[in-house]
Every structure is written in structure tokens, then in C-alpha cells.
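This report concerns only the one structure given below.
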Amino acid sequence: MTPHPATDRASGGAGRRLAGHRLLWPALALLALLLGNLAFHHDFFAVRVRDGHLYGSLIDILQFGAPLILVALGMTLVIATRGIDLSVGSTVAIAGALACGHISTAARPGSVATMVTAVALALGVALVLGLANGLLVAGLGVQPIVATLILMVAGRGVAQLIGDGQIITVTSAPYKMIGGGYWLFFPFAVLLAAALVALTAFVTRRSALGMLIESVGGNPAASHLVGIRAGGLLALVYVFSALCAAVAGLMISSNVSSADGNNAGLWIELDAILAVVIGGTALTGGRFSLGGTVLGALTIQTLSTTVYTLGVPPETTLVFKAFVVIVVCLVQSPAFRAKALRRRRTNAPRPHKTAGAAPQHQEAGA
Amino acid sequence: MASPSTPRPVLEAQDVRKQFPGVLALDGVALRLFPGEVHALMGENGAGKSTLIKVLTGVHPADGGSILVDGRPHAFTDPLHAQQAGISTVYQEVNLCPNLSVAENILIGREPRRFGLVHWSALRKRAAELLTELDLHLDVTSLLGSHSLAVQQLVAIVRAVDVSAKVLVLDEPTSSLDREEVAQLFTLVRRLRDRGVAILFVTHFLDQVFDLCDRVTILRNGRLEGEYPIGELTPVTLVQRMIGGELAALDQLSGRDAGEPSGRASAEPFLRARRLARAGSIEPYDLDIHGGEVVGLAGLLGSGRTEAARLLFGADSADGGEVRIEGERTALRTPRHAIARGIAFCSENRKSEGLVGELTVRENIVLALQATRGWTRPLARAQQDELARHWIKALDIRPADPEAQIGHLSGGNQQKVLLARWLLTAPRLLILDEPTRGIDIGAKAEIQRLVARLADEGTAVLFISAELEEVLRLSHRIAVLRDHRMVATFENDDSVTPDRVFTTIATGAAS
Ligand SMILES: Nc1ncnc2c1ncn2[C@@H]1O[C@H](COP(=O)(O)OP(=O)(O)OP(=O)(O)O)[C@@H](O)[C@H]1O
Ligand SMILES: [Mg+2]
């Protein structure tokens, strides 16, 4: 037996690196969705400047997607630790209700100082809510899904209590800025979300935070034995998730100048989980990808936009969304791609059935 | 290939090729398995043994070549198909369900049924019968995860030994077994062989190959080196063919590595345990470990070696007794406490307690060091690269790529990464639980020498291994455990022989 030299060891290095990049499939899914929209609306990619503001469908996707990006950002770190945070939707509602409630009862609702205290109040309460989640999970060892379910259910009620069951409307120019304002051509919400994503990426990857979170999520037993203090990390990610949700809640309520305890952030936890998964972070914890999460959140927001641009009848919206999500998830799954590929190969005529030397030719075509 | 007089191989691979991103794992490999033979598959760590097995059984698709079952081409796309075709496999990493019972793990997928429902009592009875074939007496309703790795390995073997199997593939089944279990396993294997089953057997223990196997296929760097009847090989030629050259380490494999303990003059031991105990896992025991001294723990499977060691690291918390470190009373409540006092513990269970499979080799190597610093004080990337490169070279980890995902490394190379993780923390007391598990013969000598050198430099070492010869070679002092009790401790001088230690292990009395 004379083995042939391993010449193809380095073949296609660059192509393979691109094909193997973990952001490739999320990016392709998003691109396909955008192009699908372009086919129906030829000015879908058009961006215009009016009054020093950018306008267009893409800008809309970014602006309306900003809260989801933030919620998914916090969710990513929680999921990376093998956890899940179902309470973010309630935190969104509580934050909006607290801020709007504070502004509506303040002496000078339109002042910057009122806005600042409103924001601080919302963030402060979110911090406590996140700590409560973290304590249940890390301190008492409650399953994350159960621990955060408590706040998911109770928090919605709290948000309604804050507004006495009513929608709180506010008129405050500084507060309006957060979710509806513009700065340097861009919607302020988009800039804020981008800044928070960049900051999170910087902190997790420049400190050892990212690695230790991935370690705790990837193998908790091994992490315990190398002396990682998982409790502190867990508390940290739940607090971070709650803070992200609170900022998202401020954006949403600011955009519409009102807080609706019933509906603000309803089901956003599910969209956020979906965004994380589409972005390539596994629900089983371990390696996370913030870039992937952003792509995933934009994919979901684009999908919502698509539903409008295509004029999908409202009663089929959810089914349509679910269908697209399934397709996106399947395309993303390496196991599914391998299966599909294998099936194609086995259906094709099989040269190696007849000759032992044939496979090398087959390799060149694969 | 086969001459007319020889029977047809039951399983045959021809010119198999397997390419992973960046690694050509198999390149033109052939293998023939005949009914009623025990066939050894040999090669260094990373040579491609496990990959060949996975390609044969449909875990990985081959990139080229053909696989014949009973002379007919077969390409399994799923391990289940291979199993249905009569090929039973125990993969290198035990992949059973720790949160199911022993009985369920053995029979799941072919559980006895009655009225369409699982017949639970029959299932337990059948599982117990199968276990007795290996002379194992376990509570079959206990959770698999509550047992030691060696027991889990045996359960995986029992699961694979199906009456209908034509081929039984065992990838390093003996890596954490003691002499007793190995003997029992071999009896079982011989019985199956006599029934006409073909057995493919991977191991790094040369004596087991010569003891059990009829023919040997040797892989080197993913290529086929050759196929030999066992009679044509000696241990020396076998090793030469595996590594493709002379092995300097081989002649050092005999004899004793332990020099004079360097730190024994100082009366104060680094660690002193008194009446240390944990209900249900280890009876109260006393142990002193001095700096510069290697203390070996000997005992049978389930005698409490691992359990005793875990108390010294805070991996389990003791519920009685005390520990003094350099004379000072210390409560080792968590691994973090122990690490802060200069103790390191390399677990025997590299998959569930060691590796973080998704992270890279570099990240796994620096993990313990980074954990002591906390997340706010990251090791600079340049420093991480430097450490990773140093240890990859020192332990000859292959592929020598710090950014390779650790889950993709071969078993032996993963083990080396774990050792690197703890060695670089420069511990005062190094607890090694089966550190050479799955490591090839050349690297094993290398690691033993490293342990001896660390001890020379003043590190205290607690060494646990199912391989008694290894314990005897390295240790200055030996503590024997039996039935969760420490029954004897003695100096490892020239009067100590494996047989004498066995007597102590068996009878519980120092002779
Ligand atoms: N899933 C994978 N992805 C990438 N590379 C892999 C994968 N599995 C194995 N390899 C590589 O293939 C080579 C052969 O590995 P394999 O596990 O077959 O070795 P082995 O002979 O079983 O070694 P050991 O004695 O250590 O178990 C190694 O270089 C390994 O890194
Ligand atoms: Mg292997």
C-alpha cells in the first residue's frame, strides 16, 4: 500500500475559512430576506435624507429593531451560561411604566433632569430585578427557566399596577429623544444600541469575561474544578440582561411617548431567544456570538417588516413568520446541511461502487 | 487481497480517506477483520485510530475508499445502521446517559417489552444478568452518573456485547480499568472470539496486545503502516513501527524513576490530613504529603482512591477530620480554596470534568490560571499564546495548533492539554488522577519523567493510577485503599513488589 502524498492539506484555505465562518449563514439568511423584499419593492434599499434625518426601509428596520437587539444582547450572555431569561418582556414593560409614570407626575415633565431621574429609576429597578433572577439561579440553584418565569408572570402584573391598568402618556422632548430622536442623521436608538453592542463586545472579549462565561456554560463541572466562581458570573449576566431589557423598554415607550403595561415588550423574550439561536449561539451554552445575535435580531425585524411590505393578511402573519423562521433555522443547522448534501450525493450515480480509485475524482467535484 | 484459503473478512476497509478541516486524519488506510479473531489497532496519539473506527461505523462519512461488510460494499450514514448490521461499538469517550439508571443504559433501544410497554422488571433482571457476565455486581437501578468512570466504561462494554453482534469494536476499553477488570474483560472477549465474533481492539498497553490479540494493524500519522500477525512482532518492533524510529524512552520504561525525595528532611509535611472522611465515599484516613515527595494511591476499582483525593481538593467537601497545610489548619471547602493554597487536581474524567469542548486548546490550557485571576485581570493574548506554544511543544500536543478546538483533538492529546492546564499553575501539591489515561507509550514515559522532575524540584505529588507498575515506578510512598478505607501506607523501597502490593490490596493487611 503506497499512500498518496497529502498534497491537498492546505487546498482552498481562504474559501474554507469563509465557508467555515460562523457568521456566514446568519448573514446569508438576512441577505436573502432583504433581497426577497427588494423583489417586491424596488425602492426597498433606498435611503433618503430629509431634514437632516435618514429615511428608508432599512433605517426603519434598524430603528424598530434596536430594542430587540438590546434584549437579545443580554439574552446572549445568559444563554451562553446555559441559562435563559424569560422575564425580559416584563422588565421592558416595568421600565417603560416606571419612567413614564415618573415623568407624568413630575413637576416639570419636559426638563432634562426629570428625564434623567426617570431613566435612573428604571435602570435601578431593573438592576434589582436582575439581581433577584441571579440570586434565584446562582444562589438557590433554581432552574433558570423557572426562576425567570416568576418575574415574567409577576412583572407583567407589576407593570400594570404602576400605571393603574391604564396607558401612561407623556410629553417630554428629552425623553422622546431616546427612542424617537435623531442624532447625526441616525435614529438615536440605533446609535445607542450600536454603542452598547460595541461596549459589550469590547468588555467580554478584552477582559476574560467572555471566556469564563463560555467555560461555565460549556462545562459547568470542569469550570467548578478550575476554580471559576460561577455564582458571580451568573448574577452578572442576569443583571446585564435586565439592564438591557430596561433600556429597550425606555426606547419602546419613548418612541410612542407612552407606556402600556399590557402590551409593551409582549413576547419579546421569544423573539430575543430566536435571535440568539439564529445568530449561532446554542441553547446548550458555551460559545456565544454577539455579531450573530445582532444579525439574528435584524433578521427577525426584517421578517416583521416583510410581513407588512408583502401585505400578508394579518390572520396568516404568524404562520408565515413561523415558516420563514423554520427555514432559516434549518439552513443554519450544520447537521441538516450535511444530511441534505449527503442525500444529494447518494442520489447521484455512485462512482465508487465500481472502482476503488474513483473517490479522488469525486473529491475534486465536492 | 485475501488468498483463497483464508476466510472472507467480515469487515473490510480499503483505501479509506478522511479529511477534517486542516487535518488529513486518514489517508489510504486499509483494515481487514476476520471472524473469530482479536485484532489490535495500534498507533500513537492522533494517529487516526478513533477516526477509522468512526468512519467504519458511520459516525463520520468517509471522503474516499470503500467499506465492505461480508464482502459487500456498505456505507453507513448513521451508527445505528452499523449496529443493525451487527457491528457493536464502544467509542473512546463513554457516551451513555449519566442521568439514567444502569439498567436503562445497558438495554435502551432494545428494552424488553410487554403489551407494547417497557417490561421494567424484565429489563432490570436482564441487565443484572449481563453485568454478571463481567462479574460486576451493581445495583442496576442506580444512576449511571453516580459510578466511577471505570464502572461506566464497563457498563458501556456490557451494552455493546450483544448476542447478535458479528463485530465488536472496543476503543481503549481498558484505559481506566484495573488488572481484575481487564482479566474479566479478556475472558469475555475470548469467549466471544470463540463464538466467531471479530473483535477490533484499541489500546496503548503493549502487554495487553501480546496477551490477547491475533493480528495487529498499525497506523502512523493517518497512514497505514502495515498489518502483522502478532507472532512477527516484539514489543520493540511494534513500537518502532508505531513511531517510525527508535524510541529512546522505551528502555527507561522499566526500572524506577523515583529518586530520593527531596523535601522529606523537613519534618513538616506540605499537607497533613487527619481522620479526613466523607460519609458514603471514604472512611476516615490519615495522610501526609511532603514537598518533593510522590505519594501513590493503590487499590482496586471503587476502593475510594478518587474519593480520597477529591477531599484534598475541595471537589467534594469532607464531613469529618481536618487538613493542615504547612501546619496551618485549613478548610478546603471548594476547589477555589484549594487552588488558592497551591493545590491542583487533574480529574480522571476528562470529558465531563476537564475539557470545555467548544473552547480552543489555548483557552483550555490557560483556563485554570485565568480563573485564579478572575475576569477583570485577563492574561494578555501574547502571554496566552506563549504559554500555549510552550506546553504544546513540551508535551508534544498534536496538532500543534493553539487555536484548534479541543473537542476535535484525539483522546490522548486532550489528556495532555489537561495536564498542561495544571502544570502551568506551578502548584505546590499536584493531584493526578489517572494522568496517563489514553496516552501513548512514548508520551507516557515523557509524562512520568515530568512528574519525577517536578517532585525533584520540590512539588508534592499525589499520584493515582489503575496501572500499579506506574504507581510503583514513580512513588516514594504508597497508600493502599480497600473498600473505601485506607488500609496501609508504606515506603516504596526495593522490597516492594507488585505482588506484595496486590496481596495488601486483596487482603487489606500489609505483609
Ligand atoms: N472532529 C474532528 N475535527 C477535526 N479534527 C479531528 C476530528 N476528529 C479527529 N480529528 C483529528 O484527526 C486526527 C486523528 O485523531 P484520532 O482521534 O483518530 O486519533 P487516535 O489515534 O484515536 O488517538 P488517541 O490515541 O489519542 O485516541 C487527530 O489529529 C485529530 O486532531
Ligand atoms: Mg482515540
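The values are calculated or read from the model by the stated rules, or taken from the named source; none is laboratory data. Because the structure is predicted, anything quoted here is derived from the model rather than measured. Heads up, the Cβs are rebuilt from the backbone with ideal geometry, glycines too, and the neighbour counts pull from every protein chain shown. Ligands, DNA and RNA are stripped out before the accessible areas are found, and what is left, the full protein with its side chains, is counted by its heavy atoms. Shrake-Rupley method; radii C 1.70, N 1.55, O 1.52, S 1.80 Å.
Below is a table of values for the structure above.
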{"item": "Within region B:464-508, tally of residues that are among the small types (Gly, Ala, Ser), closer than 21 Å to B:Arg310 by Cβ and either assigned to a loop (DSSP other than H, G, I, E, B) or not assigned by TED's automatic domain parsing to the domain that holds B:Ala279 (or both)", "result": "3"}
{"item": "Failed criterion for B:Trp391 (all others in (1) away from ligand 1 (no atom under 16 Å from the Cβ); (2) more than 22 Å from the chain's Cα centre (by Cα) hold)", "result": "(2)"}
{"item": "Neighbours by Cβ (under 9 Å, 6+ apart or cross-chain): first from region B:397-419, not assigned by TED's automatic domain parsing to the domain that holds B:Ile365; second buried (at least 24 other Cβ atoms within 10 Å of the Cβ)", "result": "none"}
{"item": "Condition check for B:Arg272: under 23 Å from B:Asn492 (Cβ atoms) and in contact with a Lys or Arg (Cβ under 7 Å, 6 or more places away or on another chain)", "result": "yes"}
{"item": "Every residue from region B:447-463 that is outside any helix (DSSP H, G or I) and surrounded by fewer than 24 Cβ atoms within 10 Å (Cβ to Cβ)", "result": "B:Glu457, B:Gly458"}
{"item": "So B:Lys444, is it in a helix (DSSP H, G or I), within 12 Å of ligand 1 (Cβ to nearest atom) and in contact with a Leu (Cβ under 6 Å, 6 or more places away or on another chain)", "result": "no"}
{"item": "Residues within region A:180-202 that are open to solvent by 40 Å² or more (accessible area, probe 1.4 Å), part of a helix (DSSP H, G or I) and more than 14 Å from every other protein chain (Cβ to nearest Cβ), tallied", "result": "8"}
{"item": "Condition met for B:Ile218 (away from ligand 2 (no atom under 16 Å from the Cβ), open to solvent by less than 10 Å² (accessible area, probe 1.4 Å) and modelled with pLDDT of 95 or more)", "result": "no"}
{"item": "Qualifying residue in region B:352-364 (condition: touching a Lys or Arg at 6+ places or on another chain (Cβ under 7 Å), surrounded by 23 or more Cβ atoms within 10 Å (Cβ to Cβ), modelled with pLDDT of 95 or more and not assigned by TED's automatic domain parsing to the domain that holds B:Val295)", "result": "yes"}
{"item": "Leading residue by the ranking (nearest to the other protein chains (Cβ to nearest Cβ)) among those in region B:412-427 that are outside any helix (DSSP H, G or I) and open to solvent by less than 70 Å² (accessible area, probe 1.4 Å)", "result": "B:Thr425"}
{"item": "Among the candidates A:Leu161, A:Leu129, A:Leu123, A:Leu135, residue that is modelled with pLDDT of 95 or more and over 14 Å from A:Gly249 (Cβ atoms)", "result": "A:Leu135"}
{"item": "Subset of region A:203-238 that is part of a helix (DSSP H, G or I), at the interface with chain B (Cβ under 9 Å from one of its Cβ atoms) and among the charged types (D, E, K, R) - its residue that is farthest from the chain's Cα centre (by Cα)", "result": "A:Arg206"}
{"item": "Search result, residues across region B:11-24 that are surrounded by fewer than 24 Cβ atoms within 10 Å (Cβ to Cβ), outside any loop (DSSP other than H, G, I, E, B) and within 15 Å of ligand 1 (Cβ to nearest atom)", "result": "B:Ala13, B:Arg17, B:Lys18, B:Gln19, B:Phe20, B:Val23, B:Leu24"}
{"item": "Selection from region B:164-196 of residues that are open to solvent by less than 30 Å² (accessible area, probe 1.4 Å) and in a loop (DSSP other than H, G, I, E, B)", "result": "B:Ala165, B:Glu172, B:Pro173, B:Thr174, B:Ser175, B:Ser176, B:Leu177, B:Asp178"}
{"item": "Among (1) away from chain A (no Cβ under 14 Å); (2) more than 16 Å from ligand 2 (Cβ to nearest atom) - the single one B:Glu434 does not satisfy", "result": "(2)"}
{"item": "Qualifying residue in region B:371-387 (condition: in contact (Cβ under 8 Å) with a residue 12 or more places away in the chain, within 16 Å of ligand 1 (Cβ to nearest atom) and open to solvent by less than 40 Å² (accessible area, probe 1.4 Å))", "result": "no"}
{"item": "Residues located in region B:196-225, provided they are more than 16 Å from ligand 1 (Cβ to nearest atom) and either within 14 Å of chain A (Cβ to nearest Cβ) or touching a residue at least 40 places away in the same chain (Cβ under 8 Å) (or both)", "result": "B:Gly196, B:Val197, B:Ala198, B:Ile199, B:Leu212, B:Cys213, B:Asp214, B:Arg215"}
{"item": "Evaluation of B:Ile439 against (1) over 20 Å from A:Val226 (Cβ atoms); (2) outside any loop (DSSP other than H, G, I, E, B) (one fails), failing number", "result": "(2)"}
